[in-house]
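Values quoted throughout were computed directly from the atomic coordinates according to the rules given, and no laboratory measurement underlies them. This is a predicted model, so every value here is computed, not measured. For neighbour counting, all protein chains shown are included, and Cβ atoms are generated from backbone atoms with ideal geometry for every residue, glycine included.
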Amino acid sequence: MREINQTVASGVVAGIFLGLFLKAVEYITGLKVYTLLLNVDYIAILKDYAFPEFVEFVFHLVISVLLSLVTYYYLLKRTSKMRLVINLSLLVGFLLYPTTMLSDRTPEINSTYAFLFWMLGHGLYGVVLGWMLTNIRRNEGR
């Protein structure tokens, strides 16, 4: 049970880190990368609802926790390579960025700076999540 709690906490902490990073980038640069993080316009069931920022952030954290659980139990149990978590996080960022085309609230698809900050944020998310998950794995035997 402790392992599950730590894995969930890892997803929450890494998700909060990513959210704060992208919110700071959006505040400083005006690039709508935090808006993109919280955007649900591409989900048919949710696109017609206007959720408060807090609820959208909770959606983001749920995805982060699910990614943390899947990563830990299905991937890190077989290998302890932090690079795997970072690459997976970058892949998720890369695959999600095109959803910006489905909303008029998010950056343009050809915004190089938005894409770079988006990918940097997801890379850093991978570092935070990878570090936390590999520490759980190291501490399993204690």
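Here are a few things to note about the model shown:
- Angle in degrees between helix 112-139 and the longest Cα principal axis of the chain, rounded to the nearest 10: 20 degrees
- Relative contact order of region 88-127, taken over Cα pairs closer than 8 Å and 6 or more residues apart, is 54 percent.
- Using alpha-carbon coordinates, inclination of helix 82-96 to the longest axis of the chain, degrees: 20 degrees
- Only one residue of ASN87, TYR72, VAL25 has its Cα farthest out toward the positive end of the dipole of the chain, where Lys and Arg carry +1 and Asp and Glu -1 on Cβ, and that residue is TYR72.
- Take 61-69, 119-127 and order them by the average number of nearby Cβ atoms within 10 Å per residue, most first; the result is 119-127, 61-69.
- Percentage, to the nearest whole number, of Cα pairs in region 2-139 over 27 Å apart: 20 percent
- Taken about its Cα centre, region 61-142 carries a charge dipole of roughly 580 debye when the Cβ of each Lys and Arg holds +1 and the Cβ of each Asp and Glu holds -1.
- Once the Cβ-Cβ distance of THR112 and ASN87 is raised to the sixth power relative to R0 = 30 Å, the FRET efficiency obtained is 0.90.
- All Cα-Cα separations within region 21-80 were binned at 10 Å from zero, giving a P(r) of 21, 36, 29, 13, 1, each value a whole percent of the pairs.
- Radius 13 Å from Cβ of ASN39, net charge of other residues (Lys, Arg +1; Asp, Glu -1): -2
- Overall, the chain carries a charge dipole of about 800 debye about its Cα centre when +1 sits on the Cβ of Lys and Arg and -1 on the Cβ of Asp and Glu, all other atoms neutral.
- Extension gain from LYS47 to ARG138, taking 0.36 nm per residue of separation minus the Cα-Cα distance: 28.6 nm
- Taking MET132, MET82, MET101 as the candidate residues, the one with maximal mean-square fluctuation in a Gaussian network model of the chain, Cα springs under 10 Å, is MET101.
- Relative to the longest principal axis of the Cα atoms of the chain, the long axis of helix 53-70 lies at roughly 40 degrees.
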